[in-house]
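Notes follow the structure.
The values are calculated or read from the model by the stated rules, or taken from the named source; none is laboratory data. Since this is a predicted model, take the numbers as computed values, not measurements. All Cβ positions, glycine included, derive from the backbone under ideal geometry; neighbour counts span all protein chains shown. To get the accessible areas, we keep the full protein, side chains included, count just its heavy atoms, and leave off ligands, DNA and RNA. Shrake-Rupley method; radii C 1.70, N 1.55, O 1.52, S 1.80 Å.
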Amino acid sequence: MSKNLVLSVLLLFVLGTALSAHEPLPNKPFSGCCLAGWKLVNSKAENCWKVGKLTATDTTMELAPLKEGETGCMVNYIEGDWHKANPRKGVDIFTAQKYGDCTVKLEFLITKGSNSGVYLMGEYEVQVADSFEKPDDKLGQGDMGAIYSAAKPSTNACNAPGTWQTYEIEFVAPKFDAAGNKTANAVFKKIVLNGKVVQENVEVEKSTGGGITGKEAATGPLMLQGNHGPVAYRNIEVIPAK
């Protein structure tokens, strides 16, 4: 084998390795270094999603570029604009990959008063909101841990703004017959927020609103809301049910 051929093979290997490092894995749609595998709900809207190394307090976020080999988080980041009166900027983002029955695990961070949502199949929202220290008897369907417009959380498991929090969401997709008629509703089997169960066996009769299409289907993407203020996500995992 000639020297030039050996060099060419090595170059292709290095390039292939570098490219594959940026591609999301089947069960991990966010690679930690870029937004490959994600799409915007509205391509004409202001895209404020960026990837970087996050430093946050309860009211501020700062994002620094990643160094080679580092992984970071995906942030709905509007530089210098975190304290404007109207934080409704940006656009929702969703995975190119679609899922059915699955368990979603992820970490997220919001600042004080901010709001986002995790949409199963792009249509069923689990609320992300600053509900820190709100009494259980005051919780509603817009608070952290709620299934938006469907069920309030059983308890307030929300941590302080500016800290990383966790969701584990066990979801059963709606079912349809061969003619496309729905035979079973979607069900949130369990939602665990910061290690505490806040929802169990909640049947959802329709899209909870604010989704990609407003229509139900057998499979759909994971969507993250990005038009209600600053929020960061990392360590996203979608595990299909066996």
Residues that are open to solvent by less than 50 Å² (accessible area, probe 1.4 Å), in a loop (DSSP other than H, G, I, E, B) and within 15 Å of Ile147 (Cα to Cα), drawn from segment 184-221: Asn185, Ser207, Thr208, Gly209, Gly211
Can you report the number of residues in segment 166-175 which are closer than 20 Å to Val231 by Cβ and surrounded by fewer than 20 Cβ atoms within 10 Å (Cβ to Cβ)? 2
Could you list, in sequence order, the residues of segment 139-163 that are open to solvent by less than 30 Å² (accessible area, probe 1.4 Å), within 15 Å of Ser116 (Cα to Cα) and out of contact with any Gly (no Cβ under 9 Å at 6 or more places or on another chain)? Asp143, Met144, Gly145, Ile147, Gly162
Do you know which residues across segment 7-30 are in a loop (DSSP other than H, G, I, E, B) and at pLDDT below 95? Glu23, Pro24, Pro26, Asn27
Only one of Ala157, Ala178 is among the hydrophobic types (A, V, I, L, M, F, W, C), in contact (Cβ under 8 Å) with a residue 40 or more places away in the chain, more than 20 Å from Asn76 (Cα to Cα) and in a loop (DSSP other than H, G, I, E, B), namely Ala157
Do we find a residue being of a type in the set (Val, Ile, Thr) and modelled with pLDDT of 90 or more anywhere in segment 36-53? yes
Subset of segment 105-119 (residues that are among the aliphatic types (A, V, I, L, M) and within 9 Å of the chain's Cα centre (by Cα)): Leu106, Val118
Which is of a type in the set (A, V, I, L, M), farther than 22 Å from Gly210 by Cα and modelled with pLDDT of 95 or more, of Ala160, Ala129? Ala160
Determine, yes or no, whether Ser31 is without any contact (Cβ under 8 Å) to a residue 12 or more places away in the chain, closer than 24 Å to Asn227 by Cβ and within 20 Å of the chain's Cα centre (by Cα). no
